[in-house]
2 protein chains.
Amino acid sequence: MRIVALAGGIGGARFLRGLREAIGPQDEITVIGNTGDDIHLFGLKVCPDLDTVMYTLGGGIHEEQGWGRTDETWSIKAEMKEYGVGPEWFGLGDRDFATHLVRSQMLTAGYTLSQVTEALCVRWRPGVRLLPMSDDRVETHVRITDDQGTRAIHFQEYWVRLHAAVDAEAIVPVGADTAKPAPGVLEAIAAADVILFPPSNPVVSIGTILAVPGIRAAVAAAPAPVVGLSPIIGGAPVRGMADKVLAAVGVEATAEAVALNYGSELLDGWLVDSVDEAAVAAVEAGGIACRAVPLLMTDVAATAEMARAALALAERVRG
Amino acid sequence: MRIVALAGGIGGARFLRGLREAIGPQDEITVIGNTGDDIHLFGLKVCPDLDTVMYTLGGGIHEEQGWGRTDETWSIKAEMKEYGVGPEWFGLGDRDFATHLVRSQMLTAGYTLSQVTEALCVRWRPGVRLLPMSDDRVETHVRITDDQGTRAIHFQEYWVRLHAAVDAEAIVPVGADTAKPAPGVLEAIAAADVILFPPSNPVVSIGTILAVPGIRAAVAAAPAPVVGLSPIIGGAPVRGMADKVLAAVGVEATAEAVALNYGSELLDGWLVDSVDEAAVAAVEAGGIACRAVPLLMTDVAATAEMARAALALAERVRG
């Protein structure tokens, strides 16, 4: 079975770890990773979502934190403070820096982000084929209004520095309109037996991937069933601040609103958490098959159960 | 008193620390640093000699090692090994990486190496004005013959990877012929009251600085007395492998041969170590005033004594 999953950072990565447990030895997972939260820091190209997937599946993630490396040291951060060189609000540890150094050196040498990601995965052996959504630069910006007026800032600044404490007025994937899907992305979607939307942020992770011209249409046209898992449980995001960016696109932070916003042209099935049993009817009324199952990724075993439920729903809607 | 010193790495840096102790509060030191051993590693610009001067005078040097940072961590090096990305033979610690990151980011943004060096020194407060010899790229290459044939390799590869174990057939400062002295270099030489050649490598440190068009002529034409300190004691370099590169330029590894190779058109005075008392006559016969004094930089006090002896000799030759 060929499974394609669209993925953001922490939520996507943890789901994939469960999915990997849930499949058989003949099954293959292709991950299309969000690169809209990529950022240039200290002259280096940082790809937080791709790295979180790579580190999580490769056994190098800082488990409690959910991002960055285990056994990390912070010498460079301390030195940057001494030099007065920022930003201070983005946490890059020394081991993590090594990844960005290797990536940046390869990009400068002319390799594409796809090629670089493949090279990095030679070390990490994530057990999936990890593709960036695009080799072109796409940067998610967030329009806010604060005492400096109305302006667009990088998603990372909104998320990490401001902790989404200011209302997001608009989410703009800068560059997405002219970006091309990375090699293999459309082919993987077309050839998939199942397409999954992990419980990643529907706006700035899955939404950004779908904003790359051609990807949304490919998912909608794919013969494979498309099944998503709600990142909203009981009216709040499990992790992160998805409600803030959902508000920016006019979508309520509920399991059913997120599903209906994707719509039946994309989704064939949707999993909500057991506490959102009441949402099932509304989702199904929207033409999307829906089941309520436990959706808390408390450990790999629980996450594998979620993945099995998603694959089972895919089989059911395949009919 | 305005003192100008040409300097390489460890030997120059340690001498400068003594010189700083030896001068009065009104005296000023301008250091013209060798950049011929600069190297691009992991996509970053590394300036080993400038950094050694900066770290040594700024209190951040790894004292026993003579290069690199104190309290260093080595996470990036460990990660690079995991990624299979080299070179492994060049030791860059995490704190050191921060310097190269800041430098490289500024260079990419369009600042010159002079401007970057000045910016880095805002933090390090070395107590001297540190100027790179040139803002243009100059790279010392070494011609060798080994089982791969005759070829030119980067000086760092010769020095650090091969430990100068192969004979150097020629030393070529690639790019020096078209390099321009950095802003302030020629002006500092012309305005100097004393010019010093610390006990740095006469070929790949002082020699490379002098190879930048205009610098040798400026030193020769300067009204200030020029006094050097022998890096060779008792027929061997105090540190490093200067004899190997002296052989490449046909100069014997003796205190007198090094002085006579600079020649009286450059040097007005020369200090040899007490064990080389016998060399004094030969140096003076070459038209260079010479004194024998202890030249081992065992600690800052002993080094300050050396600096005082050099300044005293400068006063004597000034006449």
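The values are calculated or read from the model by the stated rules, or taken from the named source; none is laboratory data. Only a predicted model underlies this, so the values are computations on that prediction, with no experimental measurement involved. We place every Cβ from the backbone using ideal geometry, glycine too, and count neighbours over all the protein chains shown.
Could you give me the residue pairs with C-beta distances under 7 Å whose first residue belongs to the stretch B:70-83 and is within 8 Å of another protein chain (Cβ to nearest Cβ), whose second residue is surrounded by 14 or more Cβ atoms within 10 Å (Cβ to Cβ) and modelled with pLDDT under 95 wherever it lies, and which are 6+ apart or on separate chains?
Close Cβ pairs (under 7 Å, with a partner that is surrounded by 14 or more Cβ atoms within 10 Å (Cβ to Cβ) and modelled with pLDDT under 95) do not exist here.
Looking at B:Thr30, B:Thr35, which is the one that is within 30 Å of B:Pro213 (Cα to Cα), in a loop (DSSP other than H, G, I, E, B) and touching a strand residue (DSSP E or B) at 6+ places or on another chain (Cβ under 9 Å)?
Unique residue meeting the criteria: B:Thr35.
Which residue, of A:Ala301, A:Ala259, is surrounded by 14 or more Cβ atoms within 10 Å (Cβ to Cβ) and in contact (Cβ under 8 Å) with a residue 12 or more places away in the chain?
When all the criteria are applied, what remains is A:Ala259.
State all residues of the stretch A:24-58 that are free of Cβ contacts under 8 Å to residues at least 60 places away in the same chain and either more than 21 Å from A:Trp159 (Cβ to Cβ) or among the hydrophobic types (A, V, I, L, M, F, W, C) (or both); if no residue qualifies, say none.
The answer is A:Gly24, A:Pro25, A:Gln26, A:Asp27, A:Leu41, A:Phe42, A:Val46.
Between residues in the stretch B:96-114 that are touching a residue at least 24 places away in the same chain (Cβ under 8 Å) and residues that are among the acidic types (Asp, Glu) and outside any helix (DSSP H, G or I), which pairs lie under 6 Å by C-beta distance while being six or more apart or on different chains?
B:Thr112/B:Asp135; B:Leu113/B:Asp135; B:Ser114/B:Asp135
Restricting to the stretch A:97-114, and then to whatever is of a type in the set (Val, Ile, Thr) and at the interface with chain B (Cβ under 10 Å from one of its Cβ atoms), can you tell me which residue is surrounded by the most Cβ atoms within 10 Å (Cβ to Cβ)?
Among those that are of a type in the set (Val, Ile, Thr) and at the interface with chain B (Cβ under 10 Å from one of its Cβ atoms), it is A:Thr99.
Output yes when any residue across the stretch B:210-227 is under 15 Å from B:Asp37 (Cα atoms), not small (Gly, Ala, Ser) and not in a loop (DSSP other than H, G, I, E, B), and no when none is.
Yes, the conditions are met somewhere in the stretch B:210-227.
Read through the list (1) buried (at least 22 other Cβ atoms within 10 Å of the Cβ); (2) more than 17 Å from the chain's Cα centre (by Cα); (3) in the same structural domain as B:Ile29 (by TED's automatic domain parsing), then give the number of the only condition that B:Thr117 fails.
That leaves (2) as the condition not met.
Identify, from the list B:Arg143, B:Arg137, B:Arg151, the residue that is away from every other protein chain (no Cβ under 11 Å), surrounded by 15 or more Cβ atoms within 10 Å (Cβ to Cβ) and part of a strand (DSSP E or B).
B:Arg143
Conditions (1) at pLDDT 95 or above; (2) of a type outside the set (Val, Ile, Thr); (3) closer than 30 Å to B:Val166 by Cα, marked per residue:
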site	(1), (2), (3)
B:Ile189	yes, no, no
B:Arg216	yes, yes, yes
B:Ala221	yes, yes, no
B:Met241	no, yes, yes
B:Val251	yes, no, yes
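Return yes or no: is A:Ala78 hydrophobic (A, V, I, L, M, F, W, C) and surrounded by fewer than 18 Cβ atoms within 10 Å (Cβ to Cβ)?
yes
Would you mind telling me which numbered condition in (1) part of a strand (DSSP E or B); (2) under 14 Å from the mean Cα position of the chain (by Cα) A:Gly207 fails?
If we test A:Gly207 against (1) part of a strand (DSSP E or B); (2) under 14 Å from the mean Cα position of the chain (by Cα), just (1) comes out false.
Among the candidates A:Val245, A:Val166, A:Val226, which residue alone is β-branched (Val, Ile, Thr), under 27 Å from A:Ala302 (Cα atoms) and touching a strand residue (DSSP E or B) at 6+ places or on another chain (Cβ under 6 Å)?
When all the criteria are applied, what remains is A:Val226.
Select from the stretch B:40-69 the residues that are within 14 Å of chain A (Cβ to nearest Cβ), within 27 Å of A:Arg103 (Cβ to Cβ) and among the hydrophobic types (A, V, I, L, M, F, W, C) and list them in ascending order.
B:Leu41, B:Phe42, B:Leu44, B:Val46
Would you pick out the residues in the stretch A:38-65 that are assigned to a loop (DSSP other than H, G, I, E, B) and either at pLDDT below 95 or out of contact with any helix residue (DSSP H, G or I) (no Cβ under 6 Å at 6 or more places or on another chain) (or both)?
The answer is A:Asp38, A:Cys47, A:Gly59, A:Gly60, A:His62, A:Glu63, A:Glu64, A:Gln65.
Can we say A:Asp94 is crowded, with 20+ Cβ neighbours inside 10 Å and within 14 Å of another protein chain (Cβ to nearest Cβ)?
yes
Given A:Asp136, A:Asp146, which one is within 21 Å of the chain's Cα centre (by Cα) and within 29 Å of A:Val245 (Cα to Cα)?
Going through A:Asp136, A:Asp146 in turn, just one is within 21 Å of the chain's Cα centre (by Cα) and within 29 Å of A:Val245 (Cα to Cα): A:Asp136.
Could you please let me know if B:Ile61 is farther than 30 Å from B:Arg129 by Cα and crowded, with 23+ Cβ neighbours inside 10 Å?
no
Examine the stretch A:124-133 for a residue that is modelled with pLDDT of 95 or more, within 13 Å of chain B (Cβ to nearest Cβ) and either assigned to a strand (DSSP E or B) or surrounded by fewer than 17 Cβ atoms within 10 Å (Cβ to Cβ) (or both), and state whether such a residue exists.
yes
Do you know which residues across the stretch A:267-308 are more than 19 Å from the chain's Cα centre (by Cα), in a helix (DSSP H, G or I) and farther than 18 Å from A:Gly234 by Cβ?
A:Glu284, A:Ala285, A:Ala301, A:Glu305, A:Arg308
Please go through the stretch B:66-116 and pick out each residue that is β-branched (Val, Ile, Thr) and in a helix (DSSP H, G or I).
Selection gives B:Ile76, B:Thr99, B:Val102, B:Thr108, B:Val116.
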